[in-house]
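Have a look at this one.
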Amino acid sequence: MEKYLINPNQKISTINKDIYGHFAEHLGRCIYDGIFVGKESKIPNVNGMRKDVVAALKEMGIPVLRWPGGCFADEYHWKDGIGPAENRKKMINTHWGGVVEDNSFGTHEYFELCRQLGCDTYINGNVGSGTVAEMSEWVEYMTFDGVSPMAQLRRENGQDKPWKVKYFGVGNESWGCGGNMDPEYYGDLYKRYNTYVRNYDGCEKIKRVACGPNGDDYHWTKEVMEKVKHKADCIALHYYTVVGDNWENKGSATEFNTNEYYRAVCKAYKMEELIRNHLAVMDAVNPQRWVQLIIDEWGTWYDVEPGTNPGFLYQQNTMRDAMVAALTLNIFNKHADRVMMANIAQTVNVLQSVILTDAEKMVLTPTYHVFKMYKDHQNNTLVGSYITSDDIECKDIKRSCPQLIESASIDENGTICSTVANVSATKSAKIKCQIADSKVKSITASIISGDIHDKNDFDNNNVVAIQEFNDYRKLSDGFTATIPPCAVVKFIIER
Ligand code: AHR
């Protein structure tokens, strides 16, 4: 029997709802087809946005959406995407499949999407191929309420009042597709570009995001932190779970053996080490901890589905992805005191999506159900918790991961939300949970579980879903439960 301790008296920090954020790039069928079909489409839409997708994302509790990239951000010239759609410039999306980008989804459409979703905004600016003036004018266009050339242009394009930009990213992957820069050079550029990202009177202070490291590049974090510590609110780590040995052979999203399943969970668990180590580097440079960590790209990355455009990064999603999401979100929760936001890549039809579409059809992936299950954690207070379990060893990649990974939070009424992931492919886990200084009144529980290969697809879209969970027994100060293999269980505990 594994021991699970929850201490509601140990209040650690608010779990920023933005930890449950998403990312939508002009890449493959994420924006076009997946979200935006245009007003004339036969697919039911409101101002061009798919009704089914918007409703599903709202139901899931999407708190914030990052746009327009990714690598695309450093090639995006925002003025090409405003004004009458028929006059907008067409360009080649060189990063992603070499297809024509007609700019029919631009700034106004993005804010309309976020309005429909009821979510916050995160715009990523262009440092790689854009100018300081261009970035500065974009911020003026979006956020200035007074008399100015860009505010006037916005009004001419039909938007009188400015929008709210919550986060603004100064470049993306500036160590790679965003300009192949060294950290010192990027740090200087960040300071220059950021100077002209103005906070206009009356608009809420924009949170500035500096480009952070690729995985375990601690040197990048140190050097960039030295330059930006007085000027950035957060620094953005990117880390993808790639099961194969290299980028040429990433492995199939659906056809894998048990070892490849464990490689995924053990590689995903590396997030814990990355967060701890990057925070240590950041704290050494900035002991006052002004700068927070965000992870604005994360998730699984496999070879594309056979027969699809390799530049579109379209992949299926199984219970393996659900377990990666469940364990990663528990890790983010546990670092809620320093992790301000995270954005899974990417919302629809790209990489570890929560939604797949095929013309008018839509499928909610196993990952979708994990985000929906975890939404109770959003804005709750993280509390102390600890669970025992054996480690799962992945000898060929010399990594391991605990069999059980949990987190616990409380809402303003003291109700506990606890999510426990059992990543074993074969072994169930008996747990005994004790809640400090508490009398348990009632418990409700739900589960997402299945074979590691289970998935939802267009012919069979309800194989993986959230189900009621009954295999637990309430105790006066906790509960016992048996968590099946490859499962995540949520306990809502009234005290
Ligand atoms: O999410 C796909 C790509 O991965 C993004 O465009 C880029 O930032 C990263 O390399």
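What follows draws every value from the coordinates through simple rules; no lab data is involved. A quick note: this is a predicted structure, and the numbers were derived from the prediction, not measured. Positions of Cβ are backbone-derived with ideal geometry, glycine not excepted, and every protein chain shown enters the neighbour counts.
How do the pairs read when you match residues in the range 67-83 that are closer than 17 Å to Gly311 by Cβ and in contact (Cβ under 8 Å) with a residue 60 or more places away in the chain with residues anywhere that are within 8 Å of the ligand (Cβ to nearest atom) and among the aliphatic types (A, V, I, L, M), using Cβ under 7 Å and keeping only pairs 6 or more apart or on different chains?
Gly70/Leu27
Okay, next question. Working carefully through the options Thr357, Thr318, Thr347, find the one that is within 16 Å of the ligand (Cβ to nearest atom) and touching a strand residue (DSSP E or B) at 6+ places or on another chain (Cβ under 8 Å).
From the options Thr357, Thr318, Thr347, the qualifying one is Thr347.
Continuing with the same structure: Consider the range 285-324. How many of its residues are assigned to a helix (DSSP H, G or I) and surrounded by fewer than 24 Cβ atoms within 10 Å (Cβ to Cβ)?
4
Is there a residue being within 16 Å of the ligand (Cβ to nearest atom), under 30 Å from Asn349 (Cβ atoms) and in contact with a Pro (Cβ under 9 Å, 6 or more places away or on another chain) anywhere in the range 293-306?
yes
Would a scan of the range 272-281 turn up a residue that is under 15 Å from Val324 (Cα atoms) and of a type in the set (Lys, Arg)?
no
Follow-up. For the list (1) of a type outside the set (Ser, Thr, Tyr); (2) farther than 23 Å from Ala425 by Cβ; (3) not in a strand (DSSP E or B), I need the number of the one condition that Leu327 fails.
Leu327 satisfies every listed condition except (2).
Val370 fails exactly one of the following numbered conditions: (1) over 23 Å from Ser446 (Cβ atoms); (2) away from the ligand (no atom under 16 Å from the Cβ); (3) not in a strand (DSSP E or B). What is the number of that condition?
All conditions pass for Val370, except number (1).
Please find, within the range 174-189, the residue that is farthest from the ligand (Cβ to nearest atom) out of those that are surrounded by fewer than 23 Cβ atoms within 10 Å (Cβ to Cβ) and closer than 17 Å to Ile295 by Cβ.
Trp175
Count, please, the residues in the range 297-340 that happen to be of a type outside the set (Gly, Ala, Ser) and within 29 Å of Glu101 (Cα to Cα).
Residues that pass the stated criteria total 18.
Determine which single condition Thr328 fails, assuming it passes every other condition in (1) closer than 22 Å to Arg66 by Cβ; (2) surrounded by fewer than 19 Cβ atoms within 10 Å (Cβ to Cβ); (3) not aromatic (Phe, Trp, Tyr).
Here Thr328 meets the rest and fails (2).
Does any residue in the range 281-299 that is at positive phi come within less than 6 Å, Cβ to Cβ, of a residue that is surrounded by 16 or more Cβ atoms within 10 Å (Cβ to Cβ) six or more places away or on a different chain, and which pairs are these?
Note: pairs meeting the criteria are Gly299/Ile344; Gly299/Ala345; Gly299/Leu351; Gly299/Gln352.
Another question about this same structure. Taking the range 38-81 as the region of interest, how many residues are aliphatic (A, V, I, L, M) and more than 21 Å from Leu27 (Cβ to Cβ)?
2
Just to be sure before I move on: is Thr241 touching a Pro at 6+ places or on another chain (Cβ under 8 Å), polar (S, T, N, Q) and buried (at least 20 other Cβ atoms within 10 Å of the Cβ) in the structure I sent?
Taking the combined requirement at face value, the residue does not satisfy it.
Let's see how each residue does on (1) within 13 Å of the ligand (Cβ to nearest atom); (2) hydrophobic (A, V, I, L, M, F, W, C); (3) over 20 Å from the mean Cα position of the chain (by Cα):
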| position | (1), (2), (3) |
| --- | --- |
| Ile275 | no, yes, no |
| Ala280 | no, yes, yes |
| Asp283 | no, no, yes |
| Asn286 | no, no, yes |
| Gly311 | yes, no, yes |
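While we're looking at this one, here's another question. Conditions: (1) away from the ligand (no atom under 16 Å from the Cβ); (2) under 24 Å from the mean Cα position of the chain (by Cα); (3) farther than 30 Å from Ser424 by Cβ. Cys266 meets all but one. Number of the miss?
The one condition Cys266 does not meet is (3).
Would you be able to say whether some residue in the range 336-344 is crowded, with 24+ Cβ neighbours inside 10 Å and in a loop (DSSP other than H, G, I, E, B)?
no
Then there is this: Suppose the filter is touching a residue at least 60 places away in the same chain (Cβ under 8 Å) and either within 16 Å of the ligand (Cβ to nearest atom) or under 19 Å from Val285 (Cβ atoms) (or both); does Tyr167 pass it?
yes
Restricting attention to the range 215-249, report how many residues are without any contact (Cβ under 8 Å) to a residue 60 or more places away in the chain and in a helix (DSSP H, G or I).
Qualifying residue count, the range 215-249: 6.
Now for a separate question. Going by what's in this entry, would Ala85 be described as of a type in the set (A, V, I, L, M, F, W, C) and either closer than 30 Å to Ile410 by Cα or surrounded by 24 or more Cβ atoms within 10 Å (Cβ to Cβ) (or both)?
Criteria not met by Ala85.
Go through Ile435, Ile448, Ile431, Ile452 for me and flag whichever is within 11 Å of Ile493 (Cα to Cα) and buried (at least 18 other Cβ atoms within 10 Å of the Cβ).
Of Ile435, Ile448, Ile431, Ile452, the one residue that is within 11 Å of Ile493 (Cα to Cα) and buried (at least 18 other Cβ atoms within 10 Å of the Cβ) is Ile435.
Tell me the residue from Gly97, Gly171 that is under 23 Å from Cys71 (Cβ atoms) and crowded, with 20+ Cβ neighbours inside 10 Å, please.
After applying the criteria, what remains is Gly171.
Which residues, taken from the range 160-195, are of a type outside the set (Phe, Trp, Tyr) and part of a helix (DSSP H, G or I)?
Pro183, Glu184, Gly187, Asp188, Leu189, Lys191, Arg192, Asn194, Thr195
Taking the criterion of being surrounded by 21 or more Cβ atoms within 10 Å (Cβ to Cβ) and among the β-branched types (Val, Ile, Thr), would at least one residue in the range 461-478 satisfy it?
Yes: the range 461-478 contains one or more residues that are surrounded by 21 or more Cβ atoms within 10 Å (Cβ to Cβ) and among the β-branched types (Val, Ile, Thr).
Identify the single condition in (1) assigned to a helix (DSSP H, G or I); (2) farther than 26 Å from Trp96 by Cα; (3) in contact with a strand residue (DSSP E or B) (Cβ under 6 Å, 6 or more places away or on another chain) that Glu273 does not satisfy, given that it satisfies every other one.
(3)
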